[in-house]
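The structure is given below, and queries will be raised subsequently.
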Amino acid sequence: MSTKYLLSNLGWNNFFQQQLTLEEYETCTPARVFGQERSLLQLVTASGNVTLPISASMVDITVGDWLLLDGDHQFLRLLNRVSLFTRKAAGKKASRQLIAANINTVFVVSSMNLDFNPNRLERYLALANEADVEAVIVLTKTDCCENQESYISRARSLGRMLDVVAVNSLEKSSVDQLIPWCQPGKTVAFLGSSGVGKSTLINTLSGQSVQRTQAIREDDDKGRHTTTGRSLHVLSSGVLLLDTPGMRELQLADCEHGLDETFSEITTLAYKCKFSDCHHQNEPGCAVRKEIEAGKLDERRLDSYLKLMKEQAFNSATLAERRAQDREFGRYVKSVMKSKKDGKGDLP
């Protein structure tokens with residue numbers, strides 16, 4: 001028998017409530033996407049679980065979304081989102097991939113070993129800042145690390161107001177440090193590469209085996225993929241946790257605001273540069289270079305910022321071109337269909 005919930009236990013709040021008309025409120029069913037397979041959406045409503053086939057007529061939907069269903073539990077529409085995490089699809093494909101929606105806090109998880117990578121963490125932070133979602137860096141494997149303060153210090157250097165928490169994912173008293181962000185009705189997403197301990201963290205927080213776990217490779221501290229699909233889990237405490245597969249390739253697109261927030265010390269200094277289009281290389285009067293030469297700014301941060309800005313600009317242009325091509329093709333199809341309807345002859 002399906003478990004029944006209060007909608008507020010699933011993350012429902014006034015933001016979503018205010019999107020409903022009086023008729024929809026009385027006759028329709030709000031449903032949250034808890035899981036997504038190739039051709040099916042796993043939904044949860046106040047009355048229990050619902051399976052919804054994915055059809056070509058649907059808009060892009062991702063885990064965490066709120067949908068509105070009719071009396072027969074058929075899809076009506078997607079509700080506006082509080083937040084949305086996206087990336088450029090992996091590989092050469094010119095499309096945007098949705099990661100998760102309606103997230104309140106994201107735990108950016110990294111292990112304190114050879115896999116610790118500030119550049120990769122900055123990518124995740126940019127993603128969170130673009131979505132205007134609070135980010136917390138969670139450093140795992142304190143039980144295997146002899147130099148914790150070094151990792152904590154390097155993580156804290158990535159943001160002035162950034163919260164950094166170091167935990168032993170297997171020890172409940174250690175993981176309990178994350179409880180302040182895990183409040184009833186809130187949705188917390190875990191982002192990070194494979195093997196950093198996301199699934200173990202979820203299992204320890206929940207007090208039961210919710211997600212399968214797997215050991216890392218000992219030769220290079222790299223992880224194996226354990227979670228193969230995004231999924232939401234409601235804990236007895238009332239918080240909703242979203243695990244995601246490890247992402248080794250995280251290409252940014254349409255993320256300029258997120259990068260400006262992530263590298264705020266650089267973007268703030270840039271206003272003091274002599275030239276408004278300063279590239280912070282060899283230009284005279286560059287306030288950013290001045291701080292680097294004075295030892296007040298890490299050159300690695302500037303290199304990372306410039307690289308990511310170039311990447312997101314290129315990917316954004318590629319996606320914009322693809323969207324323009326799709327719009328042009330859509331107009332062509334409509335004109336063909338109109339010509340056929342008007343009886344003006346064969347296809348052009």
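For residue 80 and residue 114 in the same chain, what is the full-extension length gain: residue separation times 0.36 nm, less their Cα-Cα distance, in nm?
That works out to 8.2 nm of additional length.
Find how much the distance from residue 15 to residue 290 grows on full extension, using 0.36 nm per residue of separation minus their present alpha carbon separation; answer in nm with one decimal.
The residue 15-residue 290 span can extend by a further 94.5 nm.
May I ask you to derive the relative contact order of the range 256-317, considering only C-alpha pairs under 8 Å and at least 6 residues apart, and to give it as an integer percent?
About 32 percent, as a whole number.
Hey, another quick one. Which entries of 272/296; 4/172; 88/310; 172/198; 88/186; 290/310 show an alpha-carbon separation above 19 angstrom in the structure shown?
Cα-Cα > 19 Å for 4/172; 88/186; 290/310; rest within.
Order these peptides, 73-83, 54-64, 190-200, by their mean beta-carbon neighbour count within 10 angstrom, highest first.
With the highest mean Cβ count within 10 Å placed first, the list reads 190-200, 73-83, 54-64.
Something else: Could you compute the net charge surrounding residue 10? Neighbours are other residues with a C-beta less than 13 Å from the C-beta of residue 10; K and R count +1, D and E count -1.
That works out to +2.
Readers should treat all values here as calculations from the given coordinates under stated rules, not as data from a laboratory. Keep in mind that this is a model prediction, so the values were computed, not measured. With ideal geometry, Cβ positions are generated from the backbone for all residues, glycine too; neighbour counts draw on all protein chains shown.
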